[in-house]
1. Only one residue in LEU92, LEU43 is within 26 Å of the chain's Cα centre (by Cα) and modelled with pLDDT under 90, so which one is that?
2. Going through ARG110, ARG105 one at a time, which residue ends up being open to solvent by less than 90 Å² (accessible area, probe 1.4 Å) and either among the basic types (Lys, Arg) or in a helix (DSSP H, G or I) (or both)?
3. Could you list, in sequence order, all residues of segment 113-128 that are open to solvent by less than 50 Å² (accessible area, probe 1.4 Å) and aliphatic (A, V, I, L, M)?
4. What about THR22, is it among the β-branched types (Val, Ile, Thr), surrounded by 10 or more Cβ atoms within 10 Å (Cβ to Cβ), at pLDDT below 90 and in a loop (DSSP other than H, G, I, E, B)?
5. What pairs come out if I take residues in segment 1-14 that are closer than 10 Å to ILE45 by Cα and open to solvent by less than 100 Å² (accessible area, probe 1.4 Å) and pair them with residues that are assigned to a helix (DSSP H, G or I) and charged (D, E, K, R) whose C-beta lies under 9 Å away, six or more apart or interchain?
6. Just checking, how many residues over segment 77-88 are open to solvent by less than 90 Å² (accessible area, probe 1.4 Å) and without any contact (Cβ under 8 Å) to a residue 12 or more places away in the chain?
7. Please go through segment 56-75 and pick out each residue that is among the basic types (Lys, Arg), open to solvent by 80 Å² or more (accessible area, probe 1.4 Å) and farther than 30 Å from PHE126 by Cβ.
8. Six or more apart or on different chains, Cβ atoms under 9 Å: show the pairs whose first residue is in segment 106-128 and within 17 Å of PRO51 (Cα to Cα) and whose second is among the polar types (S, T, N, Q).
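The values are calculated or read from the model by the stated rules, or taken from the named source; none is laboratory data. Quick caveat: nothing in here was measured; it's all calculated off a predicted structure. Because the Cβ atoms are built from the backbone with ideal geometry, glycine has one as well, and the counts that use them run over all protein chains shown. Note: areas computed on protein heavy atoms with side chains; ligands, DNA, RNA excluded. Shrake-Rupley method; radii C 1.70, N 1.55, O 1.52, S 1.80 Å.
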Amino acid sequence: MLLDYDDLMKIPFFKARIADLTGQVEKLRNDTEGEVSNQDVHLPIILPKVPGRFYFYFGKPIETEGKKEELKSREKAHELYLEVKSEVERCLDYLKEKREKDPYRNIMARLPYQATHGFDSQVPTFDL
């Protein structure tokens, strides 16, 4: 989001435009009072992001079979939670590190590769 309501209200042109739009539309919240009923009509100014690359990594399996009774203990359940949390954080850290080193992370680097190798070709990625 480039400009939200507060930003737009600081710019005289947009402030006047918001006032005009608010005056032209019928109020839908007649049965409410306060700030909710007095909201101005505005559209924030946004800039879409350029498509990035998705990174997936599946960590080691965490065995839970046969632990149903054991996990009724709050302490044991918390231990399993910490194990899962640690594994997920480890996987995310690994992907973030690989993402930073990925020469094809940006679409502007992937497009020339696909243009020369065919759009059905797989853009190289990192080894696991």
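1. On the way: LEU92 fails: modelled with pLDDT under 90.
Just a single option satisfies the conditions, and that option is LEU43.
2. Numbers: ARG105 fails: open to solvent by less than 90 Å² (accessible area, probe 1.4 Å).
Unique residue meeting the criteria: ARG110.
3. Result: VAL123, single match.
4. Values: among the β-branched types (Val, Ile, Thr): yes; surrounded by 10 or more Cβ atoms within 10 Å (Cβ to Cβ): yes; at pLDDT below 90: yes; in a loop (DSSP other than H, G, I, E, B): no.
Considered against the rule, which asks whether it is among the β-branched types (Val, Ile, Thr), surrounded by 10 or more Cβ atoms within 10 Å (Cβ to Cβ), at pLDDT below 90 and in a loop (DSSP other than H, G, I, E, B), THR22 comes out as no.
5. Note: pairs meeting the criteria are LEU8/LYS15; LEU8/ARG17.
6. From segment 77-88, those open to solvent by less than 90 Å² (accessible area, probe 1.4 Å) are 77, 80, 82-88; that's our starting set.
This time we only want the ones that are without any contact (Cβ under 8 Å) to a residue 12 or more places away in the chain, so: 77, 82, 85-86.
So the count comes out to 4.
7. Within segment 56-75, the subset among the basic types (Lys, Arg) is 60, 67-68, 72, 74.
Subset that is open to solvent by 80 Å² or more (accessible area, probe 1.4 Å): 60, 68, 72, 74.
Across segment 56-75, the qualifying residues are LYS68, LYS72, ARG74.
8. Close Cβ pairs (under 9 Å, with a partner that is among the polar types (S, T, N, Q)) amount to TYR113/SER121; GLN114/SER121; VAL123/GLN114.
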